[in-house]
Amino acid sequence: MHDVIIIGAGPAGLTAGLYTGRARLATLMLEKMVTGGRILMSETIENYPGFPAGVSTQELMRRMEEQVKELQVEIKSEEVLEIDCAQKSVKTEEGAYKAKAIIIAAGSRPRKLGVPGEEQLTGRGLSYCATCDGPLYKGKNVVVVGGGNAVAEEAIYLTRFAARVDIVHRRDELRASAILQEQLKANKKINFILSHVVTQISGSKKVESIKIKDLRSQEERDLACDGVFIYIGYDPETDFLKNKLHLDDSGFIITGEDMAASEEGIFACGDCRKKSLRQVITACGDGAIAAESAYKYISKGTTYGAKRT
Ligand code: NAP
């Protein structure tokens, strides 16, 4: 029996663990991938306060983990398969655990394009992680798909290796922040293919080309490339919570400002939560609040979790 189980060890979960650890709540953290979470798919983070020159995500997450471990928070590498909100228990492949409160910081996973060739060529020239696979494309031509901050950062990163980086985006303008757009436009290796969608990814053994469609003229053409990186947003890792908690239509957990989910003693924080801005800094903020609410719930009997729609 623990005081708190935290599901997920990304920035939100680690910050929640920092606060529950400092409150001397016996805390178990369960992480199915690697401690640090999805942010490790980016190489550096430039908008985390206190690091004017940016900071390596590996370094930032290593420090967060170290800080939490010093507080005797136990981190186990196990995937949560099921949760019982009333019992405050979770099941993993390895076992079952029970606590007085649960904090869900399960994060999100890259969204897929859903076009022919995507499944077959994943890992064979098609990737969702430039940090992992970018160095393989030295002197090659790559395409990145999407128009948000992730596409902008990863396109710039890929220019370290690739000879040419084409950004294919469905609208005629990106939604990436102004400072990133300035950096994109100043980079000679980057080309924009706007108002286009990818309709197919082709290649016999590995990616050789993609088919793109001009949404203004409806014309389709082939674009030769050696690699494709997809950055079209993220879906929440909340499949194990269906019919357990109130989720929005996209599967994000609905909480109040206190991070309380729809069931008593269950809290959610970070990218898996319905919110307007998903950043490391907002994930950390959520994590601190979720831990504080869990502490008040356990230690002071504060009531949380009125049904929210
Ligand atoms: P995002 O901001 O949600 O942008 C997704 C992009 O993909 C949008 O441009 C969207 O087009 C496009 N898209 C969505 N579905 C598509 C489809 N089926 N086909 C083609 N294009 C599609 O996602 P993100 O850039 O991955 O970032 C995710 C979150 O992390 C955001 O909150 C972002 O701000 C944050 N983030 C922040 C930083 C940073 O601040 N340093 C870095 C990385 C990520 P439309 O524009 O037409 O909708």
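Structure values in brief
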quantity	calculated
Extended-chain gain in nm, criterion 0.36 nm per residue less alpha-carbon gap, Asn243 and Ser56	63.5 nm
Long-range Cα-Cα pairs in the range 244-309 (distance over 20 Å), rounded percent	22 percent
The range 1-76, accessible surface, carbon-and-sulfur percent (1.4 angstrom probe)	50 percent
Charge-dipole axis of the chain as Lys and Arg at +1 and Asp and Glu at -1 on Cβ define it, positive-most pick from Gly21, Ala106, Ser77	Ala106
Euclidean distance between Cα centres, the range 1-59 to the range 236-309, Å	16 Å
Angle between the chain longest axis and helix 149-158 axis [Cα atoms, degrees, rounded to 10]	60 degrees
Segment Thr303-Leu81, length gained on full extension (0.36 nm per residue, minus Cα span)	77.2 nm
Within a Gaussian network of the chain (alpha carbon springs, distance under 10 Å), most fluctuating of Glu31, Glu118, Glu182	Glu182
If the convex hull is drawn through the Cα atoms of the range 71-130, its volume per residue in Å³	163 Å³
Pairwise label distance in nanometres, Arg221 with Glu119, each label 7 Å out on the Cα-Cβ vector	3.1 nm
Alpha-carbon spread of the range 118-230, three principal axes, descending order, Å	38, 35, 21
The chain, relative contact order in percent, only Cα pairs under 8 angstrom and at least six apart counted	21 percent
Among Leu30, Thr131, Gln58 - extreme Cα towards positive end, dipole of the chain, charges at beta-carbon	Thr131
For the chain, accessible area per residue (1.4 Å probe, heavy atoms of protein chains only), Å²	48 Å²
Helix 11-22 axis, angle to the chain major axis (alpha carbon atoms, nearest 10°)	20 degrees
Inverse of mean 1/r across different Cα pairs in the range 1-86, Kirkwood, Å	13.5 Å
At most 12 other Cβ within 10 Å, DSSP loop - trypsin sites (Lys or Arg not before Pro), the range 210-255	Arg216, Lys242
Dipole in debye (nearest 20) - the chain, about Cα centre, beta carbon charges: Lys, Arg +1; Asp, Glu -1	280 debye
Heavy-atom accessible area ranking, 1.4 Å probe, most first, across Asp133, Asp239	Asp239, Asp133
q = 0.22 Å⁻¹, the range 225-279: log10 I(q)/I(0) [Debye, one scatterer per Cα]	-0.81
Model label zone, Ile179; criterion: amide N under 12 Å from point 7 Å along Cα-to-beta-carbon; scope the range 36-51	45-51
Descending semi-axes in Å of the chain, equivalent ellipsoid built from Cα gyration tensor	39, 20, 17
Area of Asp84 that stays accessible when all protein chains are in place (1.4 Å probe, Å², to 10)	60 Å²
Per-residue SASA entry for Glu82, accessible area with 1.4 Å probe, Å² rounded to 10	80 Å²
Tilt relative to the chain, helix 280-300 - C-alpha long axis, 0 to 90 degrees, to 10	10 degrees
Over the range 1-70, relative contact order from alpha-carbon pairs under 8 Å, at least 6 apart, %	32 percent
Fraction of accessible area attributable to carbon and sulfur, the range 118-230 (%, probe 1.4 Å)	48 percent
Listed residues Ala26, Ala186, Ala268, most fluctuating in the chain (Gaussian network, C-alpha, under 10 Å)	Ala186
Relative contact order computed over the range 118-230 (Cα-Cα under 8 Å; 6+ residues apart), in percent	31 percent
Within the chain, helix-based [θ] at 222 nm, where runs of 4 or more DSSP H residues each add -39,500 (n - 2.57), nearest 500	-7000 deg cm²/dmol
Cysteines having no other Cys beta carbon under 4.7 Å from their own, within the chain	Cys85, Cys225, Cys269, Cys272, Cys284
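The values are calculated or read from the model by the stated rules, or taken from the named source; none is laboratory data. The model shown is predicted, which means the values in this text are computed figures rather than measured ones. Here the Cβ is made from the backbone with ideal geometry for all residues, glycine too, and neighbour counts use every protein chain on show. The protein model used for the area step is the full one, side chains on, heavy atoms only, and it has no ligands, DNA or RNA in it. Shrake-Rupley method; radii C 1.70, N 1.55, O 1.52, S 1.80 Å.
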